[in-house]
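The next block holds one structure in the form of structure tokens; read it before the comments.
The values are calculated or read from the model by the stated rules, or taken from the named source; none is laboratory data. Just so it is clear, the model here is predicted, and its values are computed rather than measured. Virtual Cβ from ideal backbone geometry, glycine too; neighbours counted across all protein chains shown.
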């Protein structure tokens, strides 16, 4: 992600400070742990983006009968942007529950 160069620079500064002071400040296991957590965070973010798009698509498809009924009953067509706007609170509610569960499920916490 965008933070990777800053993370690498911080590791470099830590290694240099450790070498300059003669103290063991840098630990490879910490770096590996942090890099692993960062990679999982990116993977979870990608998975969440995919999930969000799938939810919007599923809601749009689920609302198709209601849109068809409205068109047949009133002659009014529901534009896609309006249907998406109507689906937004439902997707937001889904994200809310995802976020709540991420505090309890360790794998989900990595993407938090």
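Of all the listed residues (20, 58, 10, 16), the sole one being closer than 30 Å to residue 78 by Cα and over 17 Å from the mean Cα position of the chain (by Cα) is 58.
Give the residues of the stretch 67-76 that are outside any helix (DSSP H, G or I) and modelled with pLDDT of 85 or more, sorted by residue number.
Residue satisfying the conditions is 75 alone.
Looking at 12, 22, just one residue is free of Cβ contacts under 8 Å to residues at least 24 places away in the same chain and on the phi > 0 side of the Ramachandran plot, and that residue is 22. Among the residues of the stretch 80-112, those identified as within 15 Å of residue 57 (Cβ to Cβ) and touching a helix residue (DSSP H, G or I) at 6+ places or on another chain (Cβ under 7 Å) are 83, 84, 87, 90, 91, 94. Taking residues in the stretch 90-112 that are at negative phi and exposed (fewer than 10 other Cβ atoms within 10 Å of the Cβ), and partners anywhere that are modelled with pLDDT of 90 or more and in a helix (DSSP H, G or I), not one pair has Cβ atoms closer than 6 Å while being at least 6 places apart or on different chains. The condition of being out of contact with any helix residue (DSSP H, G or I) (no Cβ under 7 Å at 6 or more places or on another chain), surrounded by fewer than 11 Cβ atoms within 10 Å (Cβ to Cβ) and farther than 28 Å from residue 99 by Cβ holds for only one of 2, 17, 72, 61, that being 72.
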